[in-house]
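The values are calculated or read from the model by the stated rules, or taken from the named source; none is laboratory data. Given the structure is predicted, the values throughout are model-derived calculations rather than measurements. Cβ placement follows ideal geometry from the backbone for every residue including glycine, while neighbour counts extend to all protein chains displayed. Side chains included, ligands, DNA and RNA excluded: accessible areas come from the protein's heavy atoms. Shrake-Rupley method; radii C 1.70, N 1.55, O 1.52, S 1.80 Å.
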Amino acid sequence: MKSAYIRLLQRKLAALGAYGGTIDGAAGPQTDAAVLAGIGALAQPVPAEFAGWSGEHRLIGFLQAYAASLGVDPGPLDGFWGPQTDYAASVLGERIATGTVLPFVDAGPLSATNPNGF
């Protein structure tokens, strides 16, 4: 997971009162303990086996739950980083940074010509 996403999660965990460490983008034992302590505050259903997942999977699961708590669909809360989680993470980062998410706009061709025959 990118350190920018880890910092985003550390800030959320700190805001929840679960993390008192440095916002450094490094997921260590303190971040992992905060994820276990803070996951319930997101009010999202988590799998019963969540506590038994690896630290990386729990961190991804926390990101998924955080996104879902803000109305961003990360797909199933499964602790795996796939295309839907990747999308949710980028939308979550944009929403936190700007307060809004711009709608998707499909870009058309730059010109009416098709030089490559696509």
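Please label the shape of the range 39-83 as rounded, prolate or oblate, based on the square roots a ≥ b ≥ c of the eigenvalues of the alpha-carbon gyration tensor (a/c under 1.5 means rounded; beyond that, a/b larger than b/c means prolate, else oblate). All intermediate terms of the calculation are to be shown ahead of the outcome.
Working: a/c = 1.91, a/b = 1.21, b/c = 1.58.
Since a/c reaches 1.5 but b/c is at least a/b, the shape of the range 39-83 is classed as oblate.
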Tally Lys and Arg at +1 and Asp and Glu at -1 over the other residues with C-beta under 15 Å from the C-beta of residue 97: what net charge comes out? +4
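Which percent of the accessible heavy-atom area of the chain goes to carbon and sulfur, probe 1.4 angstrom? Please list the in-between numbers first.
Working: 4020 of 6950 Å².
Carbon with sulfur: 58 percent of the solvent-accessible area.
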In Å², and per residue, what accessible area does the chain have when probed at 1.4 Å with the other protein chains present? 59 Å²
With Cα atoms, 0 to 90° folded angle of helix 3-15 axis to the chain main axis: 50 degrees
